[in-house]
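First up is the structure itself, then whatever we jot down about it.
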Amino acid sequence: MQGQQQQQAYDRGITIFSPDGRLYQVEYAREAVKRGTASIGVRTNDGVVLAVDKRVPSPLLEDSSVEKIHKADDHVGIASAGHVADARQLIDFARRQTQVNQLRYGEPIGVETLTKEVTDHIQQYTQVGGARPFGVALIVGGIQNGEPRLFETDPSGTPYEWKALAVGSDRGELQTYLEENYDEEADLDGGIRLALDALASVNDGSLLPNEVGLATIDVETESFEQFDQDRIADHLAENDLLDTGEDDEDEPDDEPAE
């Protein structure tokens, strides 16, 4: 009985390490990320691509209200997977940091610096009593000193830099697909193709334009650009990934996307 009570204490207390050095609440936050729909980031020589699965659970829901890609600054975009409310809080924090840097130093914030500011904020919630970790992972992509950069934030508050990555549901399958098909010499269109192909690989080989989010940050212009449904449909059609929806009439609706 005493052993069970001790286990519950490790389980419930964010500030308490288990005997084997684990913080269970952080691990539970990672599980929350896995329950969110997938987001993908791809770094190419010409820029960064962000693509997300923003599954719409009901035809009555406005597609635009499902937000998984966000503009943090002119040269930085962020994609999320996990709890949407947690993501919004971190996006707002990131936007404030970009403005603080601009006002203080008179220049855009570096992508790596911004990522570490966000992860420092996340880390504080792994050691403060009365709070819980953020149940979300972010993909932060942008241009820094003329070079594309791509980072991941983890619920533990650890930043990682990637050439290509996936977060959210089906991460294992998506990461394997990216590892097998990533081309370091690909241009921006090649990065878009890879990201969409990866998403389609875990969605029966096709995608609906209203259930995909796509954005790029181009090296030449150093500007964030989010695609509308027509442009997404064009890219899906060009790569033979466009789902007409004719075979989905009898399928049950998915749970709300996160």
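Brief remarks on what is shown
- Rough spin-label spacing in nm, given labels placed 7 Å along Cα→Cβ, for residue 99 and residue 58: 3.3
- Debye intensity ratio I(q)/I(0), log10, the range 89-231, q values 0.12, 0.16, 0.17 Å⁻¹ (C-alpha model): -0.58, -1.00, -1.11
- Whole-number accessible area per residue in Å² for the range 106-246, which is evaluated in the context of all protein chains at 1.4 Å: 46
- The convex hull built on the alpha-carbon positions of the range 57-152 has an orientation-averaged projected area of 7.5 nm².
- Accessible surface of the chain, 1.4 Å probe, proportion on carbon and sulfur as whole %: 42
- Efficiency of FRET between residue 239 and residue 185 - r from beta-carbon atoms, R0 22 angstrom, step 0.05: 0.75
- Averaged over residues, the count of other Cβ atoms within 10 Å places the peptides 160-166, 175-181 in the sequence 160-166, 175-181, highest first.
- The peptide list 86-97, 131-142, put in order of mean Cβ contacts within 10 Å with the highest first, becomes 131-142, 86-97.
The values are calculated or read from the model by the stated rules, or taken from the named source; none is laboratory data. For clarity, every value in this text was computed on a predicted model and none was experimentally measured. Positions of Cβ are generated from backbone atoms using ideal geometry, with glycine treated the same way; all protein chains shown enter the neighbour counts. Just the protein is used for accessible areas: all its heavy atoms, side chains included, with ligands, DNA and RNA removed. Shrake-Rupley method; radii C 1.70, N 1.55, O 1.52, S 1.80 Å.
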